[in-house]
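Beneath this line is the structure, given in C-alpha cells, with notes to follow.
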Amino acid sequence: MLEIANLSLLYGRHRALENISVGISEGETVVILGANGAGKSSLLKAIAGLVTPEAGSRVMLDGKSLIGLPAHDIPETGIALVPEGRGVFGDLTVEENLMLGANPRRARATEADRHALIYDLFPRLAERKRQMVRTMSGGEQQMVAIGRALMSNPKYLMLDEPSLGLAPIVVTELFAALKRVQQTGVALLLVEQNVSISLSISDRGYLMEAGRIVGADTAEALKTDTAVQQAFLGGS
Ligand code: ATP
C-alpha cells in the first residue's frame, strides 16, 4: 500500500500542498481531479522524490518511508512516474528510450517479458523501434513515456495528465492500453483533466483544490457528484 499522510509542500513562500492524505492499495486505480494549479503535479512529484515536502509529511510504501530518498532511487521501490509533458528523449530511438527505464535491479530479471508486453500493448511502437522519438506524434510519444515507465517493473504507476493535447481517438486508445496495464496487477495513480475517461477506469477518486483534498469517493459516485459535474463536466 502507498500511503501519503499530512503531506505539505512549500515553493518558497507559496504553499502548493497542505496536509494531503491519500492512499492507494495494490492493484487499485485512483484518480486525482482538480483544476489547473490545484497541486496535482506537485503531489506526484513529492511521491517521486522530485520535490522535498515539509517536515512531518509522510510518504510510505508498504510501511517504509520514502521521504528523503533521491528521485533516482524511487523506481527501485516499485513506483514509476510518467511526467507531464512526457519527458522522453527526442534524439533517441523508441528502443533506446524504453531501455532507459530498464535500469532498476527489480526490472532486470523481467526485461525480455517487459519488452514483449510493451510492444504488445502498443503495436505502433513495435513498428517503430528504431525511429527517433522527436519525429513521432504526441500520442506515440506518450506511449513511449508509458512504455519506459513500465520497463521499470512498477507496482504503482503514476501518470500526470497522459491525455493532455491528444486527439480523442488517441486518448481512447491510450486508456484501453492502461486498462490492460491494470489487468497485469499494476496500481495506477492518475492525474487528469479528462474527468469522464479517467473515472471510467478508476476505482476511486479525490478532488483537489488550492493544494488541499476537498473530496473523496468511489469513481461511480464521483461520476454523478454535483461538485464534479459543475467543476469539470460543464453541468449546472
Ligand atoms: P497543472 O495542471 O496546471 O499542472 P497542477 O494541479 O498540477 O496544475 P501544480 O503544477 O502542482 O498544479 O502547481 C501547484 C501550485 O504550485 C501552482 O500555483 C503553481 O503555480 C505552483 N508551482 C508549481 N511548481 C512550482 C515551482 N517550481 N515553483 C514555484 N511555484 C510552483
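The values are calculated or read from the model by the stated rules, or taken from the named source; none is laboratory data. If you're wondering where the values come from, they're calculated on a predicted model, not measured in any experiment. Don't worry about glycine lacking a Cβ; one is built from the backbone with ideal geometry, like all the others, and counts go over all protein chains shown. Side chains are part of the model used for accessible areas, which takes the heavy atoms of the whole protein and leaves out ligands, DNA and RNA. Shrake-Rupley method; radii C 1.70, N 1.55, O 1.52, S 1.80 Å.
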Angle, helix 111-121 long axis vs. longest principal axis of the chain, Cα atoms, 0 to 90°, nearest 10?
-> 80 degrees
Here the FRET efficiency for SER200 versus GLU26, based on Cβ atoms and R0 = 22 Å and rounded to 0.05, is 0.55
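When the chain is fully extended, how far beyond the present Cα-Cα distance does ARG108 get from GLU18, taking 0.36 nm per residue of separation? It would help to have the intermediate numbers written out before the result.
Details: separation 90, 0.36 × 90 = 32.40 nm, distance 3.76 nm.
Result for the pair: 28.6 nm of gain on full extension.
Where does segment 1-48 land on the Kirkwood hydrodynamic radius, alpha-carbon pairs, in angstrom? Please list the in-between numbers first.
Working: mean 1/r = 0.0865 Å⁻¹.
For segment 1-48, the Kirkwood estimate is 11.6 Å.
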Name the trypsin sites (Lys or Arg not before Pro) in segment 119-164 that are in a loop by DSSP and that have at most 11 other C-beta atoms within 10 Å, would you?
-> ARG130
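If segment 128-210 were replaced by its equivalent ellipsoid, with semi-axes equal to the square roots of 5 times the Cα gyration tensor eigenvalues, what would those be, largest first, whole Å?
Working: eigenvalues 95, 52, 27 Å².
Working through the eigenvalues yields semi-axes of 22, 16, 12 Å.
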So how much slack lies between LEU50 and ASP73, counting 0.36 nm per residue of separation and subtracting their Cα-Cα distance, in nm?
-> 7.2 nm
So how many Å³ per residue does the convex hull of the Cα atoms of the chain work out to?
-> 119 Å³
Two-site FRET efficiency, ALA5 against LEU100, from Cβ-Cβ distance with R₀ of 30 Å, rounded to 0.05 | 0.40
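Per DSSP H run of n ≥ 4, the term is -39500 (n - 2.57); total these for the chain, divide by its residue number, and report the mean residue ellipticity at 222 nm rounded to 500 deg cm²/dmol.
Details: 11 runs with 86 residues, N = 236.
Mean residue ellipticity, 222 nm, calculated: -9500 deg cm²/dmol.
Please work out how much length the chain gains when fully extended from GLN193 to GLN131, using 0.36 nm per residue of separation minus the C-alpha to C-alpha distance, in nm with one decimal.
Numbers: separation 62, 0.36 × 62 = 22.32 nm, distance 3.01 nm.
This chain segment gains 19.3 nm when fully extended.
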Once all Cα-Cα distances of segment 73-209 are split into 5 Å bins that start at 0, what whole-number percent is in each one?
-> 2, 11, 22, 25, 21, 13, 5, 1, 0
Using a cut-off of 17 Å between alpha-carbon atoms, which lysines can reach LYS179, once sequence neighbours fewer than 8 places away in the same chain are excluded?
-> LYS155
In degrees from 0 to 90, rounded to the nearest 10, what is the angle of the helix 138-151 Cα long axis to the longest principal axis of the chain?
-> 90 degrees
In whole Å, how far is the Cα centre of segment 57-115 from that of segment 136-183?
-> 14 Å
At 1.4 Å probe size, with no ligands or nucleic acids counted, give the accessible surface of THR52 in Å², nearest ten.
-> 120 Å²
Computed FRET efficiency, Cβ-Cβ of THR224 and LEU92, R0 30 Å: what is it to the nearest 0.05?
-> 0.10
